[in-house]
Amino acid sequence: MKSDNVAVLPGDGIGPEIIKEAIRVLEKISEKLRFKLHYQFEDVGGAAIDKHGDALPDRTLRTCEGARAILFGAVGGAKWDVLPPEERPERAALLKLRKHFDLYANLRPAIVFKALADASTLKREVIGDGFDIMVVRELTSGIYFGRRELDADYAVDEARYTKGEIERISRLAFDIARKRKRKLTLVDKANILATSILWRSTVQALEKEYPDVEVNFLYVDNAAMQLVRDPRQFDVMLCENMFGDILSDEAAMLTGSLGMLPSASIGGEGFGMYEPAGGSAPDIAGKGVANPIAQILSAAMMLKYSLGREKGYEMIMKSVTQVLEKGYRTQDIMEDGKTLVSTEEMGAAVCEELEKA
């Protein structure tokens, strides 16, 4: 039986702990559905700096180039914040990987599981029966990749976009909207920013090719307010790089915890990098309290978008839902009357549900 190569980059902080549980779940689902995955573990981020002097060693990059997908944990922490910006793990590893593989589209689903409705920071009447928002974030251009200058009393961060970069991510967002509720919201700041004017005019031109998709336009400050006021009005939110970074974290927090938010960063021909959106959380690393669900769901997205195994994705989603409905909770989503479990116990609970499937 042929196996798919997966590059596994645990990284820093809670990364190794939550990656371990995601691998357990992948092993269980591959056993159930009778396919094989071959995992190649490599160093990345601060851990790689400490060991190799480089946040993204050549060996790690070569392993990723030979894989069908990358399963990524988290990088960064105070220990490496003393380094120059270009050498810190977030930029020297994460952003470099995105650019190297042209992973231009970041998909971040923010889903309120019915069992976690009371864990949201919003009132039950606002949450209603829950919501399911897909944030589609452009990932390889904009202010994160523009020209930068920094000295003692002067700094520049350049935001730049080409029409082609905007068109390809917008087409993907339209295609995703077509498979959902056929509603797309472009988040921009077209009353102020030149890049946003280009984003809006490009999406308006593409809108004619997708007459079955309802398109709305919101300034980013209004979009942030509307997410809190009535998140159920959104389906697909299309954002440039920085706006998507900020709003996807806001949407995640409305679901109860950043520990619940998976993400997929995809490029051409199905290749992608899959990581939780919550970061390395060094303050809880090694304590066994981190929520592995975002990492587990990121692995599920890998099955769907890179490995063509949508049934595995659906089975994992169902198992996570069942675990939450049974009242199992990690520290970040704990509620009165529920059962507090560790990182490892949450992973085991998901595997147990998969075993029954």
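Does any residue of region 187-209 turn out to be among the aliphatic types (A, V, I, L, M), buried (at least 22 other Cβ atoms within 10 Å of the Cβ) and under 19 Å from the mean Cα position of the chain (by Cα)?
Yes, region 187-209 contains a residue that is among the aliphatic types (A, V, I, L, M), buried (at least 22 other Cβ atoms within 10 Å of the Cβ) and under 19 Å from the mean Cα position of the chain (by Cα).
Kindly check whether there is at least one residue in region 135-150 that is closer than 30 Å to Glu86 by Cα, out of contact with any helix residue (DSSP H, G or I) (no Cβ under 6 Å at 6 or more places or on another chain), open to solvent by less than 50 Å² (accessible area, probe 1.4 Å) and modelled with pLDDT under 95.
yes
Residues are listed down the side, and each one gets a yes or a no for (1) modelled with pLDDT under 95; (2) assigned to a helix (DSSP H, G or I); (3) among the hydrophobic types (A, V, I, L, M, F, W, C); (4) under 14 Å from Ile18 (Cα atoms):
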site	(1), (2), (3), (4)
Glu314	no, yes, no, no
Ser319	no, yes, no, no
Glu345	no, yes, no, yes
Leu354	no, yes, yes, no
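Under 6 Å between Cβ atoms, which residue pairs at least 6 apart in sequence (or on different chains) link something in region 179-192 that is under 13 Å from Val203 (Cα atoms) and aliphatic (A, V, I, L, M) with a partner that is outside any strand (DSSP E or B) and open to solvent by 20 Å² or more (accessible area, probe 1.4 Å)?
What qualifies is Val187/Val220; Val187/Phe243; Ala190/Ile197; Ala190/Arg200.
Consider Val44 against the criteria (1) outside any loop (DSSP other than H, G, I, E, B); (2) of a type outside the set (D, E, K, R); (3) touching a strand residue (DSSP E or B) at 6+ places or on another chain (Cβ under 7 Å): it satisfies all of them except one. Which criterion is unmet?
For Val44, the exception is condition (1).
In region 261-272, which residues are in contact with a Phe, Trp or Tyr (Cβ under 9 Å, 6 or more places away or on another chain) and open to solvent by 10 Å² or more (accessible area, probe 1.4 Å)?
Ile266, Gly267, Gly268, Gly270, Phe271
Each row is one residue, and each column tells you yes or no for (1) within 16 Å of Met301 (Cα to Cα); (2) out of contact with any Asp or Glu (no Cβ under 6 Å at 6 or more places or on another chain); (3) in a loop (DSSP other than H, G, I, E, B).
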residue	(1), (2), (3)
Asn5	yes, yes, no
Ile18	yes, yes, no
Leu26	yes, yes, no
Ile29	yes, yes, no
Asp54	no, yes, yes
Arg59	no, yes, no
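What is the one condition in (1) touching a helix residue (DSSP H, G or I) at 6+ places or on another chain (Cβ under 7 Å); (2) open to solvent by 20 Å² or more (accessible area, probe 1.4 Å); (3) modelled with pLDDT of 95 or more that Ala119 does not satisfy?
(3)
Examine region 22-43 for a residue that is small (Gly, Ala, Ser) and either within 20 Å of Asn291 (Cα to Cα) or surrounded by 21 or more Cβ atoms within 10 Å (Cβ to Cβ) (or both), and state whether such a residue exists.
Checked region 22-43: at least one residue is small (Gly, Ala, Ser) and either within 20 Å of Asn291 (Cα to Cα) or surrounded by 21 or more Cβ atoms within 10 Å (Cβ to Cβ) (or both).
Got a sec? Which of Leu116, Leu184, Leu172, Leu150 is on the phi < 0 side of the Ramachandran plot and either more than 21 Å from the chain's Cα centre (by Cα) or part of a loop (DSSP other than H, G, I, E, B) (or both)?
Leu150
Results for (1) closer than 23 Å to Ala93 by Cβ; (2) under 17 Å from the mean Cα position of the chain (by Cα), shown as yes or no for each residue.
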position	(1), (2)
Phe271	yes, yes
Pro276	yes, yes
Ile284	yes, no
Ala294	yes, yes
Ala299	yes, yes
Ser342	no, no
Met346	no, no
Cys351	no, no
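Of the numbered conditions (1) of a type in the set (Asp, Glu); (2) crowded, with 18+ Cβ neighbours inside 10 Å; (3) out of contact with any Leu (no Cβ under 9 Å at 6 or more places or on another chain), Asp332 satisfies every one except a single condition; which is it?
Of the numbered conditions (1) of a type in the set (Asp, Glu); (2) crowded, with 18+ Cβ neighbours inside 10 Å; (3) out of contact with any Leu (no Cβ under 9 Å at 6 or more places or on another chain), the odd one out for Asp332 is (3).
Which of the residues that make up region 217-257 are open to solvent by 30 Å² or more (accessible area, probe 1.4 Å), touching a residue at least 40 places away in the same chain (Cβ under 8 Å) and under 18 Å from the mean Cα position of the chain (by Cα)?
Met242, Asp245, Met253 - these are the residues of region 217-257 that are open to solvent by 30 Å² or more (accessible area, probe 1.4 Å), touching a residue at least 40 places away in the same chain (Cβ under 8 Å) and under 18 Å from the mean Cα position of the chain (by Cα).
Does region 46-55 hold any residues that are crowded, with 21+ Cβ neighbours inside 10 Å and over 20 Å from Ile23 (Cα atoms), and which are they?
Of everything in region 46-55, those that are crowded, with 21+ Cβ neighbours inside 10 Å and over 20 Å from Ile23 (Cα atoms) turn out to be Gly46, Ala48, Ile49, Ala55.
The values are calculated or read from the model by the stated rules, or taken from the named source; none is laboratory data. This one's a predicted model, so the numbers in the text were calculated from it and none came from an experiment. Cβ atoms come from the backbone with ideal geometry, glycine included; neighbour counts cover every protein chain shown. For accessibility, only protein heavy atoms count, side chains too; no ligands or nucleic acids. Shrake-Rupley method; radii C 1.70, N 1.55, O 1.52, S 1.80 Å.
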